[in-house]
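What follows is one structure encoded as structure tokens, with my remarks underneath.
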Amino acid sequence: MSKSETVPGGTGKGALEGPDEIIYLDRSDDIGTLLQRLERVEGRHALIVVPGSEPLLASEVDLRLLKRRADALQLDVIVVAKDGLTRRLGREVGLRIYGSPRAGMAALRRLQRRHGTPRRAVVRDALKPQVVETVETARGRRKKSPAEQYRVYSARPKRSLPTQIAAALFLIALAAGLVYMLLLLVPEATVTVVPATQRVETSVTITADLNAYEVDFTRRIIPARVVEVRVEGTATIPTTEKRDAPHNRATGRVVFVNKTDEEVKIPAGTVVRTSTGTNVRFTTVNDVTVPAGRGSRMEADIIAELPGPSGNVAPYLITTVEGALALRVAVVNERATSGGDVKQVGVVTQADKQRLKDLLLQRLRQEALARMQEQLDAQEFVPPETVQVFVISEVYDKFVDEPADALTLELKAAANGVVIAGQDANAVALDALQRMVPSRYYLAAQGLSFERGPVVQIDEERRVSFIMTASGTAVARVETRGLRELVQGMPVAEAQALVADRLLLRRPPEIEVRPAWFGHMPYLPFRIAFVVVTELE
């Protein structure tokens, strides 16, 4: 509450002769309180003192209200405020405002002289009425020092002996109360507890459904979508089957016999063949001329048209000349032809084509999966088992049974896969894991682990069922409500035993009491602090 000093008498407020008043503001006062105090001033002057450097009147609105109310009450108001902002605003609104009580009191004396009011003030207080002498009124006396000018004279009577005894007893009780309060307030304690922990783990089967739109925690169904890409590639493999194939062509010599009286020219490339069984054809290698005269002979080198052992024929089997020369010459092989043989060569088979296609499809499937993953958002994944590849075109460079040591395939295909949101799968697994947490425990956010397992089923509607494993640490709950009240004032050892019995702890609690010599828990619960230190496995 604010305190007032009054100065008796004056000519302010018309015929009113009430005392001037000095109003000391308290930190809890506001402009409303101050205006009410002004209403009760009976004199013409009011000195308002703001405590310390408090900005209680550091508002232009409040100061204008003060000025307006003072003018309405016909009061001369003086304000004392150390706050610079308050003084500046006060001068702007037209108030008398000073930075120290001494200056404010000097201004009050000047107003009292100007209006002829007494210079001796009475301080009125509910507990102790006092008289304060503001200035010296009698002329001719010694000029008083500033300290003497503001000397306060007590108006109370001297205390009697019973009063003095009562005061002494009161002081003793007060000292005892202070000692008791020190015992209550000074000691403090810190109780450090480490909650018990358990490792929890669970595995669940989750289904990703292309027709689902939100996560179903009860049935463990999560939404999925399809992603598509185009891929193409070429691959070559060696053929695996070997077969005998004609290799070298047979060679030999034949004798041409002239059937005319003129010489006959036999050009290179003339065809001669066997005449029995399967015809085997040969061609001459060089140009030869059969001398004139019937029965004239001339040998010529021949080579089989086709490679292989079929060109190896016995003597006297080559007896036919093809073409017009057959009328002019006869032919015979007096010796067998030889040199025709076979070798092992690779041959394309249907199995080679299927093996090459499977190999290239597998490579394109992996390439398609890699390209799909480039299109995914954060935490999304495509199970490799869901990737499907559809062939658009396939071109082989060899036919089945065609001799070849290698087979090449060029393949173009479209691929798609099922995209699953990893965060949805983790949420379902976390929900299942939380159901595994024992009573009086909670699941710690730190150390949670999620591991995606194999795909167990893909049905005809491409619903993908897969395994998710979640693991974490369950931490015992530490409820300290009411525990402080139970241990207050206890010996430290008993408090440790009580805390260990009430809480699920990993090890006995540690209690630190300050000061150390106190030996007991504080008597006030709010002086006891619990510190929980969680140690995860």
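The values are calculated or read from the model by the stated rules, or taken from the named source; none is laboratory data. All of these numbers come straight from a predicted model, not from anything done at the bench. Glycine gets a Cβ as well: all are built from the backbone with ideal geometry, and neighbour counts include every protein chain shown.
The number of residues in segment 61-99 being aliphatic (A, V, I, L, M) and within 55 Å of the chain's Cα centre (by Cα) comes to 4. The residue list A224, A235, A212 contains one member that is closer than 30 Å to P403 by Cα and not assigned by TED's automatic domain parsing to the domain that holds A324, which is A235.
Only a single item in (1) in a strand (DSSP E or B); (2) over 23 Å from Q434 (Cβ atoms); (3) in contact with a Leu (Cβ under 7 Å, 6 or more places away or on another chain) is not met by L486, and it is number (1).
Listed here are the residues, each with its yes/no results for (1) surrounded by 12 or more Cβ atoms within 10 Å (Cβ to Cβ); (2) without any contact (Cβ under 8 Å) to a residue 60 or more places away in the chain; (3) under 30 Å from T205 (Cβ atoms); (4) in contact with a Lys or Arg (Cβ under 6 Å, 6 or more places away or on another chain).
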residue	(1), (2), (3), (4)
M436	yes, no, yes, no
A493	no, yes, no, no
L503	yes, no, no, no
V513	yes, no, no, no
F518	yes, no, no, no
V533	no, no, no, no
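Annotation note: Cβ proximity below 6 Å between a residue of segment 469-485 that is surrounded by fewer than 15 Cβ atoms within 10 Å (Cβ to Cβ) and a residue that is outside any loop (DSSP other than H, G, I, E, B) and of a type in the set (S, T, Y) (sequence gap 6+ or interchain) occurs for R477/Y442. Go through K3, K13 for me and flag whichever is touching a Phe, Trp or Tyr at 6+ places or on another chain (Cβ under 6 Å) and either at pLDDT 85 or above or of a type in the set (K, R) (or both). Selected residue: K3, the only one of K3, K13 that is touching a Phe, Trp or Tyr at 6+ places or on another chain (Cβ under 6 Å) and either at pLDDT 85 or above or of a type in the set (K, R) (or both). Candidates in segment 347-402 are the residues that are surrounded by fewer than 15 Cβ atoms within 10 Å (Cβ to Cβ) and small (G, A, S); of these, the one that is nearest to V418 (Cα to Cα) is A370.
Tell me whether segment 71-91 contains one or more residues that are in contact with an Asp or Glu (Cβ under 6 Å, 6 or more places away or on another chain) and not aromatic (F, W, Y). Yes, segment 71-91 has at least one match. Of all the numbered requirements in (1) in contact with a strand residue (DSSP E or B) (Cβ under 8 Å, 6 or more places away or on another chain); (2) modelled with pLDDT of 85 or more; (3) over 16 Å from I23 (Cα atoms); (4) not polar (S, T, N, Q), G90 misses one, and that requirement is (2).
The sole residue among A500, A493 that is in a helix (DSSP H, G or I), closer than 18 Å to P195 by Cβ and not polar (S, T, N, Q) is A500. The residues of segment 67-113 that are outside any loop (DSSP other than H, G, I, E, B), closer than 18 Å to L25 by Cα and basic (K, R), listed by number, are K67, R69, R87, R96, R102. The number of residues in segment 393-408 being out of contact with any helix residue (DSSP H, G or I) (no Cβ under 7 Å at 6 or more places or on another chain) and in contact (Cβ under 8 Å) with a residue 40 or more places away in the chain comes to 9. Within segment 403-426, the set of residues being under 21 Å from the mean Cα position of the chain (by Cα) and either loosely packed, with under 14 Cβ neighbours inside 10 Å or not in a strand (DSSP E or B) (or both) comprises G422, Q423, D424, A425, N426.
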